[in-house]
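Below is one structure, written out as structure tokens; the observations come after it.
The values are calculated or read from the model by the stated rules, or taken from the named source; none is laboratory data. Since we're looking at a predicted model, the values are computed, not measured. In this analysis, Cβ positions are derived from the backbone assuming ideal geometry, glycine residues included, and neighbour counts consider all displayed protein chains. Keep in mind that these areas ignore ligands, DNA and RNA; they rest on the heavy atoms of the full protein, side chains included. Shrake-Rupley method; radii C 1.70, N 1.55, O 1.52, S 1.80 Å.
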Amino acid sequence: MKARSYPVLPSYMGCCLLLLVLMWTAAAHSAPAIPTQAIQYRSQLMREARAQWGLSAPTATFAAQVHQESGWNADAVSPVGAQGLAQFMPSTARWLPTVAPDTGTPLPFNPGWALRALVTYDRWLWQRVQAVTPCDRMAMTLAAYNGGLGWVQRDARLAAARGLDARRWWDNVETVNAGRSANAKRENRGYPRRILLTLEPAYMAAGWGGGMCHE
């Protein structure tokens, strides 16, 4: 019997195909998975975000933030005592209605209150930082949510004193440290990076609306 012959791809085509497969596999494994429990809160998050930020609210950004904070676990409690979807510390939850009365009685474990509080607090912080782009400004807002507005302001002043642009977070304010511990700084700098650069695009791709750093 005559041996059957098969076409042989040129070596460069084989390499290209292999590279494409590897790239697709890496992308599939690197894309963050959206927790199934997030779906039940999607409409409520969008409603609360638009109430505070308008119809163009960056809802994918806020979804990414909830993902980072609690993984969409409404009963989450951190080792330091942060509670609920938005991981508010009890003291912050009590303080927020004093500057944003429409958030109502603090109920950190209530998903509706937690989502309203998260987008409201983000808005309050957003109004108190300045930056050259919306993406830089949201990064500063998120850094303040994570570690406190005072620290962001001190970091900005230190950046300016060192000849950096105090109105740019990326590669400017984020590179300095006005006094945090090494661990606190590492967590604080990683917080906006993961939310805006990794999680936000995943939620946008999944149809959760617009983001602050991606079109």
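Scanning region 58-77 for residues that are touching an Asp or Glu at 6+ places or on another chain (Cβ under 9 Å) and either among the charged types (D, E, K, R) or in a loop (DSSP other than H, G, I, E, B) (or both) returns Pro58, Ala76. Looking for whichever is crowded, with 22+ Cβ neighbours inside 10 Å, over 20 Å from Arg193 (Cβ atoms) and not aliphatic (A, V, I, L, M) here; the options are Arg128, Arg116, Arg123. Which one fits? Being crowded, with 22+ Cβ neighbours inside 10 Å, over 20 Å from Arg193 (Cβ atoms) and not aliphatic (A, V, I, L, M) holds for just one of Arg128, Arg116, Arg123, which is Arg116. Filter region 176-200 for residues that are in a helix (DSSP H, G or I) and open to solvent by less than 70 Å² (accessible area, probe 1.4 Å) and give the result. Within region 176-200, Ala184, Lys185, Asn188, Arg189, Gly190, Tyr191, Pro192, Ile195, Leu196, Thr198, Leu199, Glu200 qualify. Filtered by the rule that a residue be open to solvent by less than 40 Å² (accessible area, probe 1.4 Å), assigned to a helix (DSSP H, G or I) and in contact (Cβ under 8 Å) with a residue 24 or more places away in the chain, region 93-112 gives Ala93, Leu96, Pro111, Gly112. A count restricted to region 80-92 and to residues that are open to solvent by less than 10 Å² (accessible area, probe 1.4 Å) and not hydrophobic (A, V, I, L, M, F, W, C) stands at 1.
The numbered conditions (1) out of contact with any His (no Cβ under 8 Å at 6 or more places or on another chain); (2) surrounded by fewer than 20 Cβ atoms within 10 Å (Cβ to Cβ); (3) at pLDDT 95 or above are all true for Glu215 except (3). Scanning region 161-175 for residues that are open to solvent by 40 Å² or more (accessible area, probe 1.4 Å) and of a type in the set (Gly, Ala, Ser) yields Ala161, Gly163. Across region 201-212, the qualifying residues are those that are buried (at least 18 other Cβ atoms within 10 Å of the Cβ) and not small (Gly, Ala, Ser), and the one among them that is farthest from His67 (Cα to Cα) is Met212.
I'd like to know if region 119-137 contains one or more residues that are on the phi > 0 side of the Ramachandran plot, in a loop (DSSP other than H, G, I, E, B) and touching a helix residue (DSSP H, G or I) at 6+ places or on another chain (Cβ under 9 Å). Within region 119-137 (the criterion being on the phi > 0 side of the Ramachandran plot, in a loop (DSSP other than H, G, I, E, B) and touching a helix residue (DSSP H, G or I) at 6+ places or on another chain (Cβ under 9 Å)), the answer is no, since none of the residues qualifies.
When region 38-56 is filtered for residues that are more than 18 Å from Phe109 (Cα to Cα), among the hydrophobic types (A, V, I, L, M, F, W, C) and open to solvent by 10 Å² or more (accessible area, probe 1.4 Å), the ones remaining, listed by number, are Met46, Ala51, Trp53, Leu55.
So is Val77 crowded, with 17+ Cβ neighbours inside 10 Å and not basic (Lys, Arg) or not? The answer is no for Val77.
To keep it simple, each residue is scored yes or no on (1) polar (S, T, N, Q); (2) in contact (Cβ under 8 Å) with a residue 12 or more places away in the chain; (3) under 18 Å from Thr59 (Cα atoms); (4) part of a helix (DSSP H, G or I).
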position	(1), (2), (3), (4)
Ala114	no, yes, yes, yes
Ala159	no, yes, no, yes
Gly163	no, no, no, no
Ala166	no, no, no, no
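For region 136-152, a residue qualifies if it is more than 17 Å from Met89 (Cβ to Cβ) and crowded, with 22+ Cβ neighbours inside 10 Å, and the qualifying residues are Asp136, Met138, Ala139, Met140, Thr141, Val152.
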